Amino acid sequence: MEVKEWIRGAVLVAQRDLSRFWRNIYWLAGQVAMNIADLVIFAVIFRGLVNPAFIPDYIRFITPGILCLAIFISAFSIGREVGIELRREVTQYLVSLPVTRGALVAGRIMGGVLRGFLYQAGFVILAVVLMSMPSVDKWILILTSSFLLALTMSSLSITLSTLTRDFNLQAAIRSLVYFIFFFVSNVFYPEKALAMRLGSAAPIAYYSPMSMAVNLYRFGFNYTTSVDVLFNLAGLIAWATLSLLFAYKVYIRNLTR
Amino acid sequence: MKNPDLRNNLKIILLVASWDLMKLKNQKVFLAMRIAWFTLQVLVFARAISYIVSQGILAYTGGVDYYYFYLLGIYTSLLYSTSISRGYVVADEFDDGIVEYHLSLPIKRSLFAVGRVLGCSLSTIIFTLPMMAVVYAILKVSNFLSILLSLIFALLFSIGIVGFVLLLVFAVRSADLTDILVGAIDALLVRLSTVFYPLPVIEATGIAPYYVAALMNPISHLSDFLRVLVFPEYYLVLRQGIVPTIVYMVAFSMGFLVIAIEYYERKLEAGGWK
């Protein structure tokens, strides 16, 4: 009975977060437009500038990266709201709800994951069109990667947003996380480019959750076959588990202090 | 100064501007983070992305290496984003009720508006100085005149952007909606500029609205102006020369400053911002 109540509480919180996602329709439309604009700009301009010796078709190369970006944006939207709640002291209301703290955190993270899935869905279809149709086992791999990445990003976002009440600082933290995850990864450029520019520090990029997810997407959508699926999947599981634990501890501590 | 009124007015403007400058003292952590991510962008992203760009780009940049071309672009986009966030602070003040306090000050509304715009712009310049230093150190810029002109035009640019954000804040009157709108405009304007690609490359795509947007974009004008200052050979890329860019920058800045003052003065009366 207690477990049932716990799950009910978490689902209610997740539902609330999901319904709030649609309320920011202009923000959502703006984000989708930006992602599509990125793809178009990459397709129309950058594709022609890239040396084909490194990347023969940049649009196919970057499409899995856009999938990661979609997860990041949507899952991190939870963090943006958590930050606003903290500044406006809505958190007092949240902690007074008749749900356990664990269910509250689980619900919020679940809300972020669902947002990630929904937001990414359109871009997944676009990836099928631009790249190729994955087989059934690859679909499972793609969906698992999306789930793990959304779980990681959602957990990180709600935790990081509670570190400060300052709006600008919250935005700065989000941006710093974005830059670290995306720039120190093989989302925008191949590992070879990183190796040439970063030298012995380049292997750091292998451990980025974005690199891991983008590798799995590239494998899933048949862009490449030379991917260590086990390493990347295990890495994503490790990231998701650690972020989840981190979120559980820090989010509650910051809400109640 | 012989005119006591003018001296008084300047004193008031500086006093109001110092309000924004003083806020910088409390933003050391924020500044450190900005420097960290900017350094990451310059040393990792820019270097890696320029590695995969074909050498054919040199034909469009007047022979300027893509890495160097891009550095001045990201400095401009940073200046733009910082100006936006400085202006956005005003939206937060409406929410926090600080405006009521400001209105109770014995200061003329127009002077107050000039002081706020100037304060936001000056704090933007101070805030982005370390990033400018990083870029200019990589580019080995040591010419005093180039640095001075860069700072002057960066300030003009920032005044225009802050004025624009103030207009937006008054027009929208909601911190949440302003946040969303400003974010969207921020992302869109940077994409539709010459931050990443030179104008001839954009023109070659044949998409006229994209080309026109990039041509009219203040971010394009400042980044191209800085490129000409640092790399005189980039002048060849600007088909119309540098004068239209200078005129544009001055008009953009002064135009938005005047409109912002007018709007600010009018909207502040009788709770017009609510």
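A few points about this structure:
- Any hit, region A:97-114, residues being surrounded by fewer than 24 Cβ atoms within 10 Å (Cβ to Cβ), at pLDDT 80 or above and charged (D, E, K, R): yes
- If you filter region A:157-174 down to residues that are part of a helix (DSSP H, G or I) and hydrophobic (A, V, I, L, M, F, W, C), you find that the one that is farthest from the other protein chains (Cβ to nearest Cβ) is A:Ile158.
- Residue check, B:Asp65 of a type in the set (Asp, Glu), touching a Leu at 6+ places or on another chain (Cβ under 9 Å) and surrounded by 20 or more Cβ atoms within 10 Å (Cβ to Cβ): no
- The requirement of being hydroxyl-bearing (Ser, Thr, Tyr), over 21 Å from A:Phe167 (Cα atoms) and over 13 Å from the mean Cα position of the chain (by Cα) is satisfied by A:Thr63.
- Test: B:Gln27 is in contact (Cβ under 8 Å) with a residue 24 or more places away in the chain and of a type in the set (S, T, N, Q): yes
- Entirely in region B:1-101, the helices (runs of 4 or more DSSP H) that have 1 or more residues that are within 19 Å of the chain's Cα centre (by Cα): B:4-23, B:28-40, B:66-96
- The listed residue being in contact with a Ser or Thr (Cβ under 6 Å, 6 or more places away or on another chain) and crowded, with 21+ Cβ neighbours inside 10 Å, out of A:Ala75, A:Ala70: A:Ala75
- When A:Val187, A:Val177, A:Val99, A:Val124 are checked against the criterion of being under 27 Å from B:Phe45 (Cα atoms) and part of a loop (DSSP other than H, G, I, E, B), A:Val187 stands alone in meeting it.
- Here the condition is being closer than 23 Å to A:Leu118 by Cα, surrounded by 15 or more Cβ atoms within 10 Å (Cβ to Cβ) and within 14 Å of chain B (Cβ to nearest Cβ); of A:Gly48, A:Gly30, it holds for A:Gly30 alone.
- Residue check: B:Ile202 meets all listed conditions (1) modelled with pLDDT of 90 or more; (2) closer than 21 Å to B:Thr245 by Cα but one, namely (1).
Residues checked against (1) away from chain B (no Cβ under 14 Å); (2) under 28 Å from A:Ser132 (Cβ atoms); (3) surrounded by 15 or more Cβ atoms within 10 Å (Cβ to Cβ):
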site	(1), (2), (3)
A:Tyr189	no, yes, yes
A:Lys192	no, yes, yes
A:Leu198	no, no, yes
A:Ala205	no, yes, yes
A:Met212	yes, yes, yes
A:Asp228	yes, yes, no
A:Gly235	yes, yes, yes
A:Ala240	yes, yes, yes
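- Of all the numbered requirements in (1) crowded, with 19+ Cβ neighbours inside 10 Å; (2) free of Cβ contacts under 8 Å to residues at least 40 places away in the same chain; (3) more than 11 Å from chain B (Cβ to nearest Cβ), A:Phe42 misses one, and that requirement is (3).
- Checking each residue in region B:102-111 for being modelled with pLDDT under 85 and either within 14 Å of chain A (Cβ to nearest Cβ) or assigned to a helix (DSSP H, G or I) (or both) picks out B:His102, B:Leu103, B:Arg109, B:Ser110.
- Residue in region A:216-226 that is surrounded by 19 or more Cβ atoms within 10 Å (Cβ to Cβ), at pLDDT 85 or above and in contact with a Cys (Cβ under 9 Å, 6 or more places away or on another chain) present: yes
The values are calculated or read from the model by the stated rules, or taken from the named source; none is laboratory data. Treat the numbers as computed from the prediction; the structure is a model and nothing was measured. Cβ coordinates were reconstructed from backbone atoms using ideal geometry, including for glycine residues, and neighbour counts include every protein chain displayed.
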